[in-house]
Amino acid sequence: MLAEERIGIKGSSVEMFLSDLASRRVVIPEPAVVRAYLAEHPDLLDVVKIACDAVVAKFTNDTRFSLEVYRDPEIVDEYLALFVRQREYAGDILEKLHSIHGAHASKLQGNSGWLQVTTDFAPPGQ
């Protein structure tokens, strides 16, 4: 049985959601992995949308966004990470990211999964 069927979410709903993110300049390098995570944690869909809207609004057109499942190499933990990447990093990027995270952090409480809005200071396309 597919994860989408197990938790009562239709795969087409997640697919439409991921397509919508792609139209907002959010790249999903491993769509199957993100799709599976969202199928297991459908309560994150609204929070991911809000966070993606916020980063797209807050950063310029030359900024790239990547939605990925981050797997912590030191402990058994995985969560969605929305990476913000720029060719040249502005000095206020961390403040902007903290502001975005603070705006949606309360919406994460009680959810089955997690979303971190962050940067890894990699160049766009990484």
**Q.** Most mobile of Ala39, Ala81, Ala90 in a GNM of the chain (Cα contacts under 10 Å)
**A.** Ala90
Q. In whole angstrom, how long is each semi-axis of the equivalent ellipsoid of the chain, when you take the square root of 5 times every eigenvalue of its Cα gyration tensor and sort them from largest down?
A. 24, 15, 14
Q: With springs only between Cα atoms under 10 Å apart, run a GNM on the chain and tell me which of Asp62, Asp72, Asp20 wobbles the most.
A: Asp72
Q. Under 16 Å from a point 7 Å along the Cα-to-Cβ line of Thr60: which residues of the range 94-111 have their amide N that close?
A. 94, 96
Q. Roughly how tilted is helix 31-40, in degrees to the nearest 10 and between 0 and 90, from the longest Cα axis of the chain?
A. 60 degrees
(Q) As I understand it, the value is the acute angle between the Cα axis of helix 45-58 and the longest principal axis of the Cα atoms of the chain; what does it come to in degrees, rounded to 10? (A) 20 degrees
Q: Show which aspartates and glutamates lie in cross-link reach of Lys49 when reach means a straight Cα distance below 15 angstrom and same-chain residues fewer than eight apart are skipped.
A: Glu15, Asp20, Glu68
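No lab work stands behind these numbers, since they all come straight from the coordinates. Remember, it's a predicted structure, so these values are computed and weren't measured experimentally. Methodologically, a virtual Cβ is constructed for each residue, glycine included, from the backbone with ideal geometry; neighbour enumeration extends over all protein chains shown.
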